[in-house]
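See structure below.
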């Protein structure tokens, strides 16, 4: 019973984190299953992975672009020079990516989403990954 309580507290904290970024700062979430569907249908947005180089090389979504956070707007823009392209920002757990989404929004990007719970959720929901640069 204690383990279940701990798991529920962790899930509640993760949900509260996402909700606070969404309602407090306008960082809209994207569910891992929605991104997986888009990728499988060939409609993938630009996937901007802001984890460290070593995290990215361990495993990442095929086709993702790695720009480790913190980064300048110019560095982030290298993933998509067109600010109207849809972008999904990803980190490991969904805690580094919301500030990057905000940074892109403040820089004029109009269609930027945060992958809910990051690569942990992507893997949990069976998303494909690859290794290497």
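In what sequence do 123, 36 fall when counting other Cβ within 10 Å, fewest first?
If I rank by nearby Cβ atoms, fewest first, I get 123, 36.
Over all directions, what mean area does the Cα convex hull of the chain project, stated in square nanometres?
For the chain, the mean projected area of the Cα convex hull comes to 8.3 nm².
I need two numbers for region 1-46: Rg to one decimal and Dmax as a whole number, Cα atoms only, in Å.
My reading of the Cα-based Rg and Dmax gives 14.7, 43 Å.
Fewest first, what order do 111, 128 take by the number of other Cβ atoms within 10 Å?
128, 111
Grab the DSSP H runs of the chain that are 4 residues or longer, score each as -39,500 (n - 2.57), total them, divide by all residues and round the 222 nm result to the nearest 500 deg cm²/dmol.
-13500 deg cm²/dmol
Among DSSP beta bridges lying fully in the chain, give the percent that are antiparallel, nearest 5.
In the chain, approximately 10 percent of DSSP beta bridges are antiparallel ones.
Only the coordinates and a few stated rules stand behind these numbers; no lab work does. On a predicted model such as this, the values are computed, not experimentally measured, just so you know. As a convention, Cβ positions derive from the backbone with ideal geometry for all residues, glycine included, and neighbour counts pool all protein chains shown.
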